[in-house]
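Quick notes on the structure that follows.
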Protein chains: 2
Amino acid sequence: MSAGSMSFRHFILGLLTQQPMSGYSIKCTLENFSWLVGKPSFGSLYPALHALLNDNLVTVEVVTHESKPPSKVYSITQRGRQVLKEWVQQPAGTSTSLKDFVMRLMLADNFDHDGLIAQLRQRRDQVAAHHTDLEHLVTTPSDSQKLQQQLALDYGLALATAGLNWLDRKLDQLSEQVLLMEDLQKG
Amino acid sequence: MSAGSMSFRHFILGLLTQQPMSGYSIKCTLENFSWLVGKPSFGSLYPALHALLNDNLVTVEVVTHESKPPSKVYSITQRGRQVLKEWVQQPAGTSTSLKDFVMRLMLADNFDHDGLIAQLRQRRDQVAAHHTDLEHLVTTPSDSQKLQQQLALDYGLALATAGLNWLDRKLDQLSEQVLLMEDLQKG
DNA sequence: TCACTCATGTAATTGGTTACATGATTAG
DNA sequence: CTAATCATGTAACCAATTACATGAGTGA
């Protein structure tokens, strides 16, 4: 799991806003997204949790189960929420990689409505740009790549198209929600 | 660019089977796939090329251009092809991440027809499994994630669906090609 | 009893990013 | 003349994987 603009610590912190979790259960949760996000090793996960604890961004509680080994359940602190909030708001940079975007999506709760829309819109534009780039490469194969990489380009194009559709749909839904809210406030 | 089962060196080696390239032009090529694959830094690219050179898997030639700085163009050697071939054939492991798969696709030339089909089929099964997992998670939201991550799951599902369709189409095309070949041999 | 899941951790090594350093050419 | 593109490289730092180490309970 490489950093990119997405620091692993902050990501974990974000997951903990949803509910307290142990290192092991974080790993299991991430397993569901391994396809897009990759799976972190315990060798990175546990030290990250220790670091967060050390900075007072989380607290631990040892929970004993019958018929299972005890687990250390981590909860985010007030300070943790603060730090996450600051981190979540600032970047707005060109975080191009799919992985980073999905990780951000997983933390969607920590954005306000407008922030989320802004993120999605930004992403839409990025993917749209990539999409046209790919299309151009596919239709006008330069001497440097004749048949080569055609497969990968084609696959990338298919995914970009699907991603774009999804983003458009979501953005429509979200702006509809805004309109409904406004109607309610008027009526 | 993290390793995964996809070593960066082998990946470069694979790109060089398509045509000789300089470090800089490799970076540019990869730029087109940055969305899916991320972009490597020169700090990893150049040392990787030096290492390949050191192992006699590639050769260099300094090419001077008018009105441009000279570039070092690397070509794969016989030994390089050998090593790549061995590496490309063995793994067959569960390389779950999207990034690894796309990188593999970019090296598709280095598979024979059957090898490619095998890779795609394997991938298809993996994605199909992920797809059903995600569907299950979306439809039966466990207490642990109510609305949270719904967005990410939804997005993942959309991409998985698109990926699955693409794989099915490609596999159909490839098996059709096989049938055509057999017909030709008969007739 | 053997293997697997649950559950935590540390240490060595690898490998990548970031920042630094250089330098020519071209377009505004 | 300044910024950007082309083009290569090194060194310090940081982060992640891998391998190791432990241990209890469960199901075959």
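Laboratory data are not the source of any read-out in this text; all were calculated from the coordinates shown. What you see is a predicted model, and the numbers here were worked out from it, not measured in a lab. A quick note on method: Cβ atoms are made from the backbone with ideal geometry, for glycine too, and the neighbour counts reach across all protein chains shown.
Summary table
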| item | result |
| --- | --- |
| Helical contribution to [θ] at 222 nm, DSSP H n ≥ 4, -39,500 (n - 2.57), averaged over chain B, rounded to 500 | -21000 deg cm²/dmol |
| Dipole moment magnitude, nearest 20 debye, region B:44-116 about Cα centre, only Lys, Arg, Asp, Glu C-beta charged | 160 |
| Cβ charges +1 (Lys, Arg) and -1 (Asp, Glu), total dipole of the protein assembly as shown, debye | 940 |
| Residue-wise HN-Hα coupling along region A:173-182, computed from phi with Karplus coefficients 6.51, -1.76, 1.60 (Hz; x: Gly, Pro) | 4, 5, 6, 4, 4, 4, 4, 4, 4, 5 |
| Residue-averaged beta-carbon neighbours from other chains (10 angstrom radius) around A:159-171 | 4 |
| Mean separation of Cα contacts under 8 Å (6+ apart) over length of region A:1-55, as relative contact order % | 39 |
| Dipole of region A:16-170, positive end: most advanced residue of A:Leu164, A:Ser41, A:Ala108 [Cβ charges, Cα centre] | A:Ser41 |
| Label spacing, shortest first and in nm, from A:Met181 to its equivalents in the remaining copies (7 angstrom along Cα→Cβ) | 5.8 |
| Charge dipole (the protein assembly as shown, unit charges on Cβ, about Cα centre) - positive-most of B:His131, A:Gln177, B:Pro20 | B:Pro20 |
| Chain A, closest residue to the rotation axis toward B, by beta-carbon, whole angstrom | A:Ala162, 2 |
| Under Karplus coefficients 6.51, -1.76 and 1.60, residue-wise ³J(HN,Hα) of region B:61-75 in Hz, glycine/proline x | 9, 7, 10, 9, 10, 6, 6, 8, x, x, 10, 9, 9, 9, 10 |
| Ascending list, in nanometres, of distances separating the A:Asn56 label from those of the other copies (7 Å, Cα toward Cβ) | 6.2 |
| Calculated FRET efficiency for the pair A:Leu164/B:Ser71, C-beta based, R₀ 35 Å, to 0.05 | 0.45 |
| Loop sites in region B:11-109: GluC sites (Glu not before Pro), DSSP, at most 14 other Cβ within 10 Å | B:Glu66 |
| Dipole magnitude of chain A about its Cα centre (Cβ charges: Lys, Arg +1; Asp, Glu -1), debye to nearest 20 | 580 |
| Under Karplus coefficients 6.51, -1.76 and 1.60, residue-wise ³J(HN,Hα) of region A:37-44 in Hz, glycine/proline x | 10, x, 10, x, 8, 4, x, 9 |
| Gyration tensor verdict on chain A (Cα atoms; rounded if a/c is under 1.5, prolate if a/b is larger than b/c, oblate otherwise) | oblate |
